[in-house]
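The structure appears right after this line, and notes come after that.
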Amino acid sequence: MEHEKRDHALLSASGANRWLACPPSAKLEEQFPDTTSDAAREGTLAHELAELKVRNYFYTTDFGKRKLNAAVKKLQKEDLWQDEMMGYTDQYLDYIRVVAMADRIQGTAEIEKRVDFGRWAPGGFGTADCLLLKGNQLHVIDFKYGKGVPVSAEENPQMMLYALGARDMYGILYHFDEFHLHIIQPRIDNVSEWTCTEEELLEFGSYVKERSALAIDGAGEFCPGESQCRFCRAKAVCRARAEENVRLAFSQDKGKLPPLISSEDAGRYLSLGEDVKKWLEDLKEWALGECLAGRPVLGWKAVEGRGSRDWIDMDAAFGKLAKSGLAEEAVLWEKKPLTLAQVEKLLGKKDFQDAVGEFVVKNPGKPALVKESDKSEAITNKVTAAEAFAEGGES
């Protein structure tokens, strides 16, 4: 399937997190072009590779090794191709194999399947990466190539809409009691699984019906927030988001307060200010685009940033310097080793570990502040009594 040429619904599954939370955003977004980025194109390329491998695994007769190799070679000619995609998509395929073989239940696999959930959200449809239909179980498996924010399968609107659509499509042949949602995000080692009953899924469907009715009409209340605004095409100039962030940034509590904030205050301010920072960055990017297009933004202008110099012909310049007596190899060139990450990328993770893994030590990273919901283990500089006595010995 040509992933970049897919149609997109107004009420898409991939955008459900946004239009369910903020119904009028669906119509508001229609005024803006659907742009892409290198990261998005890279993700599309990885998805195409993943699809080829899964298709070869389940439908070897129709899509055998020769067809697979030819299709992979074609993808390898793309400018955004990276060899590491092979390893990451192998992890995705291995996960699907495990799910497919579990419980010894024979099932059917649907790959890159367009599912229609229009019964719940008018005109709504999306493309599920992999569906496994196993007796009374429906497995919805999603491959995510992003490495920014870990995505959870728990009550994930996109995945639940796929499940609703698949339930409607295959309801004549199957009766599903269990709906298993899986997200595999291999670049950050994130695997998330969640299971719900048919009753829970239909309860979600009723909620979708209510919210989608508002979204189709551009009705309901705007509800700006970090999650729903992240990928909204109107996020830079949405008035509701602007007013909410101005309120968060400049509103003050009434009444007499202590001169110093508490740790509780600090935590609250950090949470409130998260989207303020993102909003200002989005707004500046939009304003720069307006100024460059000749549309003035009151009080602001676009200027040329600090430039850089580059050689027109480095070989010719170095040759001339060498003729003047400058030792080319000793002075003009600097020998630098590849970084550990570059060597690992060159060899691949497994070969790198087998060859030189014994020479690698992982140093602790610089402390970073994250939300309490982050899965990373908390650290502290506080020394325990045991550590203190171990360091100091007897006195």
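The values are calculated or read from the model by the stated rules, or taken from the named source; none is laboratory data. Keep in mind it's a predicted model, so treat the numbers as computed, not measured. Positions of Cβ are generated from backbone atoms using ideal geometry, with glycine treated the same way; all protein chains shown enter the neighbour counts.
Points to keep in mind about this one:
- Considering each residue of the range 200-210 in turn, none proves to be closer than 20 Å to V98 by Cβ and among the β-branched types (V, I, T).
- For the range 49-77, a residue qualifies if it is under 21 Å from the mean Cα position of the chain (by Cα) and over 15 Å from E110 (Cα atoms), and exactly one does: L49.
- When the range 151-183 is filtered for residues that are under 18 Å from K134 (Cβ atoms), touching a helix residue (DSSP H, G or I) at 6+ places or on another chain (Cβ under 9 Å) and not in a helix (DSSP H, G or I), the ones remaining, listed by number, are A153, Y174, H175, F176, D177, E178, F179, H180, L181, H182.
- Given (1) assigned to a helix (DSSP H, G or I); (2) out of contact with any Gly (no Cβ under 9 Å at 6 or more places or on another chain), index of the condition I216 fails: (2)
- Residue tally, condition farther than 20 Å from T89 by Cα and either in contact (Cβ under 8 Å) with a residue 12 or more places away in the chain or surrounded by 13 or more Cβ atoms within 10 Å (Cβ to Cβ) (or both), over the range 340-354: 2
- Scan of the range 162-198 for residues that are of a type in the set (V, I, T) and within 17 Å of the chain's Cα centre (by Cα), ordered by number: I183, I184, I188, V191
- Enumeration of residues in the range 211-230 that are exposed (fewer than 14 other Cβ atoms within 10 Å of the Cβ) and more than 16 Å from L283 (Cβ to Cβ): D217, G218, A219, E221, S227
- Condition met for R114 (touching a residue at least 24 places away in the same chain (Cβ under 8 Å), basic (K, R) and more than 17 Å from Y57 (Cα to Cα)): no
- Only one of E154, E178 that is surrounded by fewer than 23 Cβ atoms within 10 Å (Cβ to Cβ) and closer than 24 Å to F231 by Cβ: E154
- Scanning the range 225-244 for residues that are of a type in the set (D, E) and either under 10 Å from E29 (Cα atoms) or touching a residue at least 40 places away in the same chain (Cβ under 8 Å) (or both) gives a single hit, E226.
- Pick from the range 349-386, criterion within 22 Å of P186 (Cβ to Cβ) and among the acidic types (D, E), ranking: modelled with the highest pLDDT: D354
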